[in-house]
Amino acid sequence: MSSWSLDNAIELQNEFPYTFYRPSDAVIERLKPEAATVKLIFRFDPYEKGQPSAERMWVIITSVNKDGTYKGTLDNDPYYIKDLKAGDEITFRREHIIQYDTLDELDVEDINAEKVEQYLKKCFVSNHIMLEGYKVGRLYREELDEKEYTGWIFMSGYETQEYVDDPNNLQYIAIGTVLNLDDSFIHLLEAPIGSEFERDKATGTFYLFEE
């Protein structure tokens with residue numbers, strides 16, 4: 001029995017819709033045997049404490065079968081998994097594919113890539129939201145000081161001044177990471193610099209905050 005299994009990329013995409021990339025079905029349908037390689041996540045129980053529990057590896061597609069399965073050969077030796085080696089045959093399905101490379105130019109846009117790329121830019125966010133389970137209660141957009149920064153700052157609205165003054169209580173991360181937890185404010189993200197919104201605690205909707 002194999003020591004590994006393949007992660008379901010559709011489930012991961014559903015769990016992390018704004019940051020996890022999986023090629024669209026339209027792209028996958030155009031991947032041809034011997035002309036495309038795909039990346040899969042091989043999940044395993046760590047052999048030693050502190051080791052990772054997965055390896056992402058490339059597989060060369062050799063056939064696409066009528067039952068919906070794919071066959072391919074592993075394109076590299078694993079670093080951790082002991083019962084796999086380069087050249088081994090791998091059977092998988094489209095839901096296992098997390099990335100692709102192809103010799104042929106594909107005549108289709110990958111809408112999944114566009115969505116993830118859209119939310120790669122950074123924001124500041126309170127640990128109330130990222131670590132303590134609070135929803136975004138207040139958001140405001142400041143002047144940009146670097147290209148990858150959106151200017152957005154997300155707070156729960158329950159932070160004290162002392163809490164905010166400690167830089168360890170804020171994270172500088174991709175805005176998609178926040179959206180994975182709470183996307184109720186996504187419709188506000190195109191608001192101009194200087195905008196500030198607060199969540200109405202009774203209705204859960206956001207209103208423009210004006211002093």
Margin query: Restricting to DSSP H runs of at least four residues, report the calculated mean residue ellipticity at 222 nm for the chain, -39500 (n - 2.57) per run over all residues, nearest 500 deg cm²/dmol.
Written below: -3500 deg cm²/dmol
Item checked: Per-residue HN-Hα couplings for the stretch 195-203 [Karplus 6.51, -1.76, 1.60; θ = phi - 60°; Hz; x = Gly/Pro] -> 6, 9, 10, 10, 8, 6, 5, 7, 9
Next item on the list: List the relative contact order of the stretch 104-173 as a percent without decimals, with contacts defined as Cα pairs under 8 Å and 6+ residues apart.
Entry: 37 percent
Next item on the list: For the stretch 17-136, just say rounded, prolate or oblate: build the C-alpha gyration tensor, square-root its eigenvalues into a ≥ b ≥ c, call rounded for a/c under 1.5, and beyond that prolate if a/b exceeds b/c, oblate if not.
Entry: oblate
Next item on the list: Over the alpha-carbon set of the chain, work out the extent along each principal axis and list the three values in angstrom, largest first.
Entry: 64, 45, 34
Next item on the list: Counting other beta carbons within 10 Å of each Cβ, put Ile153, Ile129 in order, fewest first.
Entry: Ile153, Ile129
Notebook entry, point to check: Within a Cβ distance under 14 Å of Tyr47, other residues only, what is the Lys/Arg minus Asp/Glu net charge?
Noted result: -1
Notebook entry, point to check: Given labels modelled 7 Å from the Cα in the Cβ direction, how far is it in nm from Glu117 to Glu89?
Noted result: 3.7 nm
Checklist line | Amide H contacts under 5 Å for Phe206, placed H, 5+ residues apart | finding: Asp200
Margin query: Report the number of Lys pairs in the chain whose alpha-carbons are under 28 Å apart, with separation of 8 or more residues or on distinct chains.
Written below: 26
Item checked: Mean separation of Cα contacts under 8 Å, 6 or more apart, over the residue count of the chain: relative contact order % -> 19 percent
Next item on the list: Enumerate the amide H contacts of Ala191 below 5 Å, restricted to partners 5 or more residues apart or on another chain; note that Pro and chain-start residues carry no placed amide H.
Entry: none
Next item on the list: Treat the count of other C-beta atoms within 10 Å as a stand-in for reagent exposure and order Met155, Met130 from fewest to most.
Entry: Met130, Met155
Next item on the list: Quick one: which residues, 5 or more positions from Tyr149 or on another chain, have an amide H under 5 Å from its amide H? H modelled 1.01 Å from N in the peptide plane, none for Pro or chain starts.
Entry: Lys122
Notebook entry, point to check: What is the percent of Cα-Cα separations in the stretch 90-211 that go past 18 Å?
Noted result: 60 percent
Next item on the list: List, in order, the whole-Hz ³J(HN,Hα) value for each residue of the stretch 22-38 obtained from phi through the Karplus relation with A = 6.51, B = -1.76, C = 1.60 and θ = phi - 60°; use x for Gly and Pro.
Entry: 9, x, 5, 4, 4, 6, 4, 4, 9, 7, 10, x, 6, 10, 9, 10, 10
Notebook entry, point to check: Using unit Cβ charges (K, R positive; D, E negative) and no other charged atoms, how large, in debye to the nearest 20, is the dipole of the stretch 9-57 about its Cα centre?
Noted result: 140 debye
Notebook entry, point to check: So, counting K/R as plus one and D/E as minus one, what does the shell of residues with Cβ under 15 Å around Ser2 add up to?
Noted result: -3
Item checked: Estimated FRET transfer efficiency (Thr102, Asn8; beta-carbon r; R0 25 Å; 0.05) -> 0.65
Check: Considering only DSSP states other than H, G, I, E and B, which trypsin sites (Lys or Arg not before Pro) in the stretch 111-211 qualify as loop sites with at most 12 other Cβ atoms within 10 Å?
Finding: Lys147, Lys201
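Bear in mind that the values in this text are calculations on the coordinates, not laboratory data. Predicted, not measured: the structure shown is a model, and the values here were computed from it. Positions of Cβ are backbone-derived with ideal geometry, glycine not excepted, and every protein chain shown enters the neighbour counts.
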